[in-house]
Amino acid sequence: MQLETEVENVKKELVKQQNRLLKPIWEKRKAILSKIPDFWLVAIGNHPVLAPLISYEDVEILNHLTSLHVDRNDDNPENYRITVTFSKNAYFKDTELVKTFKQSKDGESFASKTL
């Protein structure tokens, strides 16, 4: 039992280190993707699971999608925040929608309200 706990702790530390090392690369990727017109519309529209779920109305909204970014919590990588950014549009008052996901110590996951 103690050995399993040690292994899990090492795995968590490795994920933390991996996230710290990847963060600047993800930021570069975010900057590159922001320069590609309609990147997220095309990416989501070509996704094998998501594409069949997209309606005409969704496409109208996705035309305004400029960024989709995941920020992992440095202390607990199981906790993360997804930020979706839109250009000014008639669909959303705010141009940024944020959803936060957290995992409790007993492993139960929960999400915040979308802000």
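Any read-out appearing in this document is the output of simple, stated calculations on the displayed coordinates, not a laboratory observation. Everything quoted here is computed from the prediction, not taken from an experiment. Cβ placement follows ideal geometry from the backbone for every residue including glycine, while neighbour counts extend to all protein chains displayed.
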- For residue 23, counting only lysines whose alpha-carbon sits under 24 Å away and dropping same-chain residues fewer than eight positions off, the answer is 11, 12, 35, 99, 102
- Item | Contact order relative to length of the stretch 2-111, as percent, for alpha carbon pairs under 8 angstrom and 6 or more apart | 18
- Item | In sequence order, calculated HN-Hα J values of the stretch 88-96 (Karplus, 6.51, -1.76, 1.60; Hz; x Gly/Pro) | 4, 7, 8, 8, 10, 5, 8, 8, 10
- Taking residue 113 as the anchor, which aspartates and glutamates have their alpha carbon closer than 14 Å to its alpha carbon, excluding any fewer than eight residues away along the same chain? 96
- Note on the structure: For residue 66, the residues 5 or more places away or on another chain with a placed amide H closer than 5 Å to its own amide H are 85, 86, 87
- Query: To the nearest 10 degrees, how steeply does helix 2-34 sit against the main Cα axis of the chain, on a 0 to 90 scale?
  - Reply: 30
- When the dipole is taken about the Cα centre of the chain, and only Lys, Arg (+1) and Asp, Glu (-1) are charged at their Cβ, what size is it in debye, to the nearest 20? 420
- Message: I'd like the Karplus ³J(HN,Hα) series for the stretch 53-58: coefficients 6.51, -1.76, 1.60, θ = phi - 60°, whole numbers in Hz, and an x wherever there's a Gly or Pro.
- Response: 8, 8, 9, 4, 4, 4
- How many percent of the alpha carbon pairs in the chain exceed a separation of 24 Å? 41
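Considering only the other residues whose Cβ falls under 13 Å of the Cβ of residue 73, what net charge follows from Lys and Arg at +1 and Asp and Glu at -1?
Values: positive: 12, 16, 20, 23, 72, 81, 102; negative: 71, 74, 75, 78.
In short, +3.
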- Message: With 10 angstrom as the radius, rank 38, 71 by how many other C-beta atoms surround their C-beta, starting from the fewest.
- Response: 38, 71
